[in-house]
Structures are given as C-alpha cells and as structure tokens.
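Below: one structure, written as structure tokens.
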Amino acid sequence: MLTISGVFAGYGGGDVLQGLDLEVPTGAITCIVGPNGAGKSTVLRVVSGLLTPRLGSIDLDGVRLDRLGCAGVLGKGVAQVPQSQALFPQMTIRENVLLGGYTLRRDKQLLTKRYDRVAELIPIVAERSHDKAGNLSGGQRRMVEIARCLMVEPSVLLLDEPSLGLDPMSLTGVSQLVKDANAAGTTVLLVEQNVRLGLSMATHGVVLEGGRVRLEAPAGELMANPEVAELYLGGAPTAGATAGAQLPQPAEPVPGR
Ligand SMILES: Nc1ncnc2c1ncn2[C@@H]1O[C@H](COP(=O)(O)OP(=O)(O)O)[C@@H](O)[C@H]1O
Ligand SMILES: [Mg+2]
C-alpha cells in the first residue's frame, strides 16, 4: 500500500496540496481525476520525489519515500513515466527501451531477461525493435515510454495524462497496456483529464479538488455518481458503468500520427 498522509506541498507560492490523505492499494489501478489546477500532477511529483512535501509523509509498505529524492524513490520501486517527447528519436525502439534498464547495465543477462519480458507484454517493442523511435505514431511512442519504465520492474507505476494528444485507436491501446501491466503485477497510479477514460481503466477512482480528496470510491461507482457525472462527464451518470469497463472501439481505424 502506498500511503500519503497529511501532505502539504507546493512551489513556493503557497501549498497546492493541502493536507492530502490518500491510500493507493497494492495491485489496483487508481485514477485521480479533477479540474485543471487541482494538484493532480503535483500528487505524482511528490510521490516520485521530484517535489518534497513541506509537511506530511509518503510511504510504501511502511518505507518512507518522501525524503529520498527521485533516484531514491525509483530505487524503492516507484517509477514515473515521463512526459511525452521523452524518447530519443534517432535511436531504435530497442535502444530506447534498454535505456530504461541503465542501472542493470553490468548484468547483461538480467537486462536481456527484462527486455524480453517487456517486449512480450508490449508487442510494438518486438515488432519495431530496430526502427527509429522518431518513426512512431503518438500512441506507439507512449507505449514505448511505458515499456522503458517497465524495465526497472516497478512495483508502482505513475502515469500523468497517458491519453494526452492520442487518437481514439491509440487510447484503446494505451489503456489496454496499462491494464496488462497491472495484470502482470504492477500497481498503477494515474492522473487523467479525460475522466471517462481514466475511470474506465481504473479499479479505484479519486476526485481531487483544491489539493484534497473530494470523493473516493471504486471507479465504476464514481462514474455512476450523479455529482461526478454532472461535473466531469457532461450530464447523466454512465449507465451500467463498471470498473475496468471496455472503452468504446472506434468505428473505423484511425491512422497513426
Ligand atoms: N512548476 C510550478 N511552479 C509553480 N506553480 C506550479 C508549478 N506546477 C504547477 N503549479 C501550480 O500548481 C497548481 C496545481 O498544478 P498541477 O498539479 O499541475 O494541477 P493539475 O495537474 O491538477 O492540473 C496550479 O495552480 C499550477 O499553476
Ligand atoms: Mg496535470
């Protein structure tokens, strides 16, 4: 369990997170939704060690994370998929993914084992291994970014707006990949502006407002909540919404970008 307790954190101009209490269950996909500026990305930054809380604590199964910095947090098995455009376009997919295993570079056998496992989970890695990353579509790039992160076999994967800028076809692919990584044993904490998509991927949902948890429930329940529907889904609650519901498939394949 990843536990955030009484966290106050910000950027010098006052606290963005205002006493945040949040429990992220092991093995689940937890999705944080909420209005722009609510502090969603800030939550991921304090967890990944990019930002140090002014007050409060963050721990993973009883191990304090909040004073370790990025490298220390990564060492405890918590990895954040960086913002997009993070791949080296002139390098191959394989080279980009292997960079994620940089810390294992002295153990070639383990590096190869990890790479094979990631390539099995994310077919694009195997299919396009010798192609330059610059030739991939937006959705394919996002998948390779996640692949690179999975090289460290994180116990917790942090994702900030994985859907940003993707076409509907890629959304389905990235969403499925998040579910597959989770099924393979990774706890996922993700942030999404696209509330419907985020909650449909997730098992647990959290509405963040003003740097605090406003609502927290199983994702399907949250999607069916009239208040959430009104504020974030543009009207009536999604009928029969269930946790992990399938995303609607686009009628026609959308060409990659
Ligand atoms: N690097 C930064 N420096 C100063 N203020 C920031 C920085 N990043 C975010 N903020 C401010 O913190 C608040 C919360 O931002 P953020 O966590 O990015 O919100 P969200 O991801 O929910 O849209 C916003 O008011 C934003 O302007
Ligand atoms: Mg954000």
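The values are calculated or read from the model by the stated rules, or taken from the named source; none is laboratory data. Small disclaimer: the values here were computed from a predicted structure and weren't measured. All Cβ positions, glycine included, derive from the backbone under ideal geometry; neighbour counts span all protein chains shown. Surface areas here come from the heavy atoms of the whole protein model, side chains and all, with no ligands, DNA or RNA. Shrake-Rupley method; radii C 1.70, N 1.55, O 1.52, S 1.80 Å.
Go through segment 145-151 residue by residue and turn each phi into a ³J(HN,Hα) via Karplus (6.51, -1.76, 1.60, θ = phi - 60°); whole Hz please, and just put x for glycine and proline.
So the Karplus estimates, Gly and Pro as x, are 4, 5, 4, 4, 5, 6, 4 Hz.
With θ taken as phi - 60° and the coefficients 6.51, -1.76 and 1.60, list the Karplus ³J(HN,Hα) couplings across segment 113-122 in order, rounded to whole Hz; mark glycine and proline as x.
5, 4, 4, 4, 5, 5, 5, 6, 6, 10
Just flag the trypsin sites (Lys or Arg not before Pro) in segment 15-57 sitting in loop per DSSP whose Cβ has no more than 15 other Cβ atoms within 10 Å.
On the way: sites: Lys40, Arg45, Arg54; in loops: Arg54.
Loop-located and lightly packed - Arg54.
Please report the antiparallel percentage of DSSP beta bridges with both residues in the chain, rounded to the nearest 5.
Antiparallel bridges make up about 55 percent of those DSSP assigns within the chain.
Stretch Tyr11-Leu50 to full length: gain in nm at 0.36 nm per residue minus the Cα-Cα span?
Going from the current span to full extension adds 12.9 nm.
Under the definition of Cα pairs under 8 Å and six or more residues apart, what whole-number percent is the relative contact order of segment 1-53?
Values: 63 pairs, mean separation 18.1, N = 53.
Normalised by residue count, the contact order of segment 1-53 is 34 percent.
Check cross-link reach from Lys40 to the lysines: straight Cα distance under 24 Å, and skip same-chain residues fewer than eight apart.
Lys76, Lys179
Given a 1.4 Å probe and every protein chain left where it sits, what share in percent of the accessible area of segment 64-190 is carbon and sulfur?
Carbon and sulfur together cover 53 percent of it.
List the residues whose amide H sits under 5 Å from the amide H of Gly19, counting only those 5 or more places along or on another chain, with H placed 1.01 Å from N in the peptide plane.
Under 5 Å from the amide H of Gly19 lie the amide H atoms of Val7, Phe8, Ala9, each far enough along the sequence or on another chain.
For segment 118-165, run through the trypsin sites (Lys or Arg not before Pro) and keep only the ones in DSSP coil with at most 13 other Cβ atoms within 10 Å of their Cβ. Walk me through the numbers on the way to the answer.
Numbers: sites: Arg128, Lys132, Arg141, Arg142, Arg148; in loops: Arg128.
Loop-located and lightly packed - none at all.
From the C-alpha gyration tensor of segment 1-88, pull out the three semi-axes of the equivalent ellipsoid (sqrt of 5λ each), sorted largest to smallest, in whole Å.
18, 17, 14
Ignoring ligands, DNA and RNA, please state the percent of accessible area on segment 17-61 from carbon and sulfur, probe 1.4 Å.
Numbers: 710 of 1590 Å².
Summing carbon and sulfur atoms, their accessible area is 44 percent of the total for segment 17-61.
Return, for the Cα atoms of segment 46-144, the radius of gyration and Dmax in Å, separated by a comma.
My reading of the Cα-based Rg and Dmax gives 15.9, 47 Å.
Taking 1 over the mean of 1/r across every pair of different Cα atoms in the chain, what Kirkwood radius in Å do you get?
Kirkwood radius, the chain: 18.7 Å.
Taking only the alpha carbons of segment 85-222, what extent do you get along each of the three principal axes, in Å, biggest first?
Largest to smallest, the principal-axis extents are 46, 30, 25 Å.
Normalised by the residues of the chain, what does the relative contact order come to in percent, with Cα pairs under 8 Å and at least six apart? The partial results should precede the final answer.
Details: 526 pairs, mean separation 61.6, N = 257.
Across the chain, relative contact order equals 24 percent.
How much accessible area per residue does the chain have, counting only protein heavy atoms and a probe of 1.4 Å, in square angstrom?
On the way: 11840 Å² over 257 residues.
Each residue of the chain exposes 46 Å² on average to a 1.4 Å probe.
For an R0 of 41 angstrom, estimate the FRET efficiency from the Cβ-Cβ distance between Glu230 and Thr26 and round to the nearest 0.05.
0.80
What is the local net charge at Leu159, summed over the other residues whose Cβ is closer than 15 Å to its Cβ (Lys, Arg +1; Asp, Glu -1)? Let's see the in-between values first.
Values: positive: Lys40, Arg45, Arg141, Arg142, Arg148, Lys179; negative: Glu145, Asp160, Glu161, Asp180, Glu192.
Net charge around Leu159: +1.
Quick query: amide H of Arg214 versus all other amide H atoms, modeled in the peptide plane; which residues come in under 5 Å with a sequence gap of 5 or more or a different chain?
Counting only residues 5 or more places away or on other chains, the set is Val207, Leu208, Glu209.
If you take every residue apart from Leu110 with its C-beta less than 13 Å away from the C-beta of Leu110, what net charge results, scoring Lys and Arg +1 and Asp and Glu -1?
With Lys, Arg at +1 and Asp, Glu at -1, the net is +3.
Projecting each Cα onto the charge dipole of the chain (Lys/Arg +1, Asp/Glu -1 at the beta carbon, about the Cα centre), which of Thr30, His204, Val78 comes out farthest on the positive side?
About the Cα centre, the residue reaching furthest to the positive side is Val78.
Can you work out the PRE-style zone for Gln193? Point 7 Å along Cα to Cβ, and I want the residues of segment 155-186 with backbone N under 14 Å.
Only 160-167 pass the distance filter.
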